[in-house]
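The values are calculated or read from the model by the stated rules, or taken from the named source; none is laboratory data. These numbers come from a predicted model, not from an experiment. All Cβ positions, glycine included, derive from the backbone under ideal geometry; neighbour counts span all protein chains shown. Calculation scope for accessible area: heavy atoms of the full protein, side chains included, ligands and nucleic acids excluded. Shrake-Rupley method; radii C 1.70, N 1.55, O 1.52, S 1.80 Å.
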Amino acid sequence: VLGIAADHTQHLLWRLADGELSPAMASDPQLAFVVLIGTNNLGRGHTPKETVAGVVAVAGTLLNQTQGRVLLNALLPRGDGNKRKKAAPVVGSAADGSPVRSFSPLITKVNAGLRSWAEADAARRVGFVDCGGPFRRGEHAVQRELMPDSLHPNRKGHELWASCLTAALLEHFPGM
């Protein structure tokens with residue numbers, strides 16, 4: 001596990017550059033990195049374009065520093081929460097500069113960018129999976145039964161997510 005609470009892509013990139021990967025990890029062609037990072041970048045006001053660039057930089061670093069493979073996770077949906085709406089009602093801006101009051105359109109843009117990047121991988125060392133379906137309720141809400149704080153999956157949410165990831169790993173990297 002390379003993630004830390006409240007992590008941003010730039011934090012993970014720093015750790016990868018400063019020894020987070022052991023030589024054993026770097027030389028193992030059977031190693032698969034499951035990457036889910038970027039929602040905190042959006043939460044701190046980074047644009048979808050900046051967030052995609054950060055996630056792609058993480059994936060690229062893993063590919064360049066290891067012989068392993070990368071399974072990129074689409075960002076999971078996140079609720080916009082009443083506290084968040086009161087504290088900062090505008091969470092970003094649309095392409096035309098108009099305010100966006102929900103993370104949903106920003107997450108959709110990030111996920112489209114990540115999918116496009118993964119699908120362009122000619123070496124077949126990158127896969128993409130969107131496990132967010134069970135966590136969504138409507139266009140701008142999450143299933144509170146799976147994400148009680150509207151951001152982090154609970155035990156049942158993690159079980160659904162793990163099942164989705166297992167299927168994706170088998171699909172994208174058969175024989176691992």
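A compact table of results
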{"read-out": "Heavy-atom surface of the chain, accessible at 1.4 Å and reported per residue (Å²)", "value": "54"}
{"read-out": "Radius 10 Å from Cβ of ALA74, net charge of other residues (Lys, Arg +1; Asp, Glu -1)", "value": "0"}
{"read-out": "Ordering of 119-130, 41-52, 67-78 by burial proxy (mean other Cβ atoms within 10 Å per residue, highest first)", "value": "67-78, 41-52, 119-130"}
{"read-out": "Between the stretch 1-71 and the stretch 147-172, the Cα center-to-center distance that results, in Å", "value": "19"}
{"read-out": "Helix-derived mean residue ellipticity, 222 nm - over the chain, DSSP H n ≥ 4, -39500 (n - 2.57), to 500", "value": "-13000 deg cm²/dmol"}
{"read-out": "Label-point separation in nm, GLU50 to SER27, each point 7 Å along Cα→Cβ", "value": "4.0"}
{"read-out": "Net charge dipole size for the chain [Lys, Arg +1 and Asp, Glu -1 on Cβ; Debye, nearest 20]", "value": "600"}
{"read-out": "Cut-off 18 Å (backbone N to label point 7 Å along Cα→Cβ of GLN67), residues of the stretch 27-57", "value": "27-33"}
{"read-out": "Net lengthening on full extension, SER116/ALA17 (0.36 nm per residue, minus Cα-Cα)", "value": "33.1 nm"}
